[in-house]
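The values are calculated or read from the model by the stated rules, or taken from the named source; none is laboratory data. Please read these numbers as outputs of a predicted model, since none were measured by experiment. Neighbour counts are summed over all protein chains in view; Cβ atoms, including those assigned to glycine, are modelled from backbone coordinates with ideal geometry. For accessibility, only protein heavy atoms count, side chains too; no ligands or nucleic acids. Shrake-Rupley method; radii C 1.70, N 1.55, O 1.52, S 1.80 Å.
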Amino acid sequence: NTTQTKKKRKNRFADETERVFLPNMPTNISSNMTEQQQKIYILQVQIEELTRRLKMNDLGIPANVEARSPSPEPIYDQQGKRQNTREVRARRKIEEQRHQLVTELLVLNPDYKAPSDYKPQQAKYID
Amino acid sequence: PGVNFSASNASTEVLCLLNMVTEEELRDDEEFEDIMEDVREECGKYGLVKSLEIPRPIQGVDVPGVGKIFVEFTSISECQKAQQALTGRKFANRVVVTSYYDPDRYHRREF
C-alpha cells in the first residue's frame, strides 16, 4: 500500500505521550504578556529545551541507520580515540544552536542568566 | 524563571500556539499547506475548529503575528481540551507553547 503511505504523511505533532516538561517554565502562558516578554519567554523555552536534551542525551540521532546523514572523515586524538563521533557532532550542533539563542536573548535581556552548564563559545567555529 | 507568567490566564475559545513554525517554513507554499493540515487535523480531535489563522510573512511588510498559529473553537471547553492536549507537545521537534487569545482581537485580526 505505497499509495496509502504516501498519502498519509506524518503529522508534525509528536505523540501525546512525548510531552516535554521544563522545570519552572510552564508552556501555557498568560495572554497579558507583551510582544517583547513573549519573545524573551519563547527564547528561554528554546534554550531550556536544548539544555534538557543535552542533559538527557536526547540528541535526535535517528534510530534508523538509513535516516542518518553520511559521516565525515574520522578524526582521532593522540591516543587513537575518535574525536568526531556522531554523538560528539550532535552535541556540538545543539550547543551551537543554544549559543545562538543565548546570544540573541542577552541582547533582549542583558540580565539573563544562562544555564549553569553553558559555556560561552569564544572560538570561531571552523567548518 | 522569575516572573510568573502563568497567572491570570482566563480561557477563551481562541487558542494561540507559539514556537511551532519558522518564517522560512511559512514562506514555502507546500510546507504552509502541510502545517495548516497538521494543525487542523490535530485540533479537530479536541473540538470543532471554527477557523484557523496562520499569518504568513510578506516581503517588505511587517506582518503581525508571524510565527503564531491561532485556532478558534466553537466553545471554551473544546479550546481548553486542545490547550491541555497540545501544551508541551513537540511539533517539528519544537516545544509547543500555548496561550488563550482574546476573541475580539482575533476577529479584528489583531495578531
GNM on chain B, Cα springs under 10 Å; top mean-square fluctuation among B:Gly60, B:Gly47, B:Gly88 goes to B:Gly60
Starting from 0.36 nm per residue, how many nanometres of slack lie between A:Asn57 and A:Gln83 once their C-alpha separation is accounted for?
7.6 nm
Quick one: putting +1 on the C-beta of Lys and Arg, -1 on the C-beta of Asp and Glu, what dipole do you get for the protein assembly as shown around its Cα centre, in Debye to the nearest 20?
800 debye
Would you work out what percent of the accessible area of chain A, with all protein chains in place, is carbon or sulfur (probe 1.4 Å)?
52 percent
For the protein assembly as shown, the Cα convex hull volume per residue in Å³ comes to 176 Å³
The alpha-carbon pair-distance distribution computed for region B:54-98, with 10 angstrom bins and whole-percent values, is 24, 40, 29, 7
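Can you list the equivalent-ellipsoid semi-axes of chain A, largest first and in whole Å, using the square root of 5 times each Cα gyration tensor eigenvalue?
For chain A, the semi-axes come out at 30, 27, 13 Å.
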So which residues of region A:37-66 lose at least 10 Å² of accessible area, probe 1.4 Å, when you go from the chain by itself to every protein chain present?
A:Gln37, A:Gln38, A:Tyr41, A:Ile42, A:Gln44, A:Val45, A:Gln46, A:Glu49, A:Arg53
Might you report the magnitude of the Cβ-based charge dipole of region B:14-107 about its Cα centre, with Lys and Arg at +1 and Asp and Glu at -1, to the nearest 20 debye?
560 debye
Run the quick spin-label model on B:Arg109 and B:Gln59: label points 7 Å from Cα toward the beta carbon, then report their separation in nm to one decimal.
2.1 nm
Can you send over the carbon and sulfur percentage of the accessible area for region B:14-107, probe radius 1.4 Å, protein chains only?
45 percent
If each part is reduced to its alpha-carbon centroid, region B:64-111 and region B:4-55 end up apart, in Å, by 5 Å
Taking the convex hull of Cα positions in region B:14-107, its mean projected area over all directions (nm²)
5.7 nm²
Net charge near A:Ser71 (other residues with Cβ under 12 Å of its Cβ; Lys, Arg +1; Asp, Glu -1) is +2
Using a 7 Å offset from Cα along Cα-Cβ at A:Ser71, what residues in region A:86-114 end up with backbone N under 14 Å from the label point?
A:86-90
Which of B:Cys16, B:Val71, B:Gln83 sits closest to the plus end of the dipole of region B:14-107, meaning its Cα is farthest towards the positive end, when Lys and Arg get +1 and Asp and Glu get -1 on the C-beta?
B:Gln83
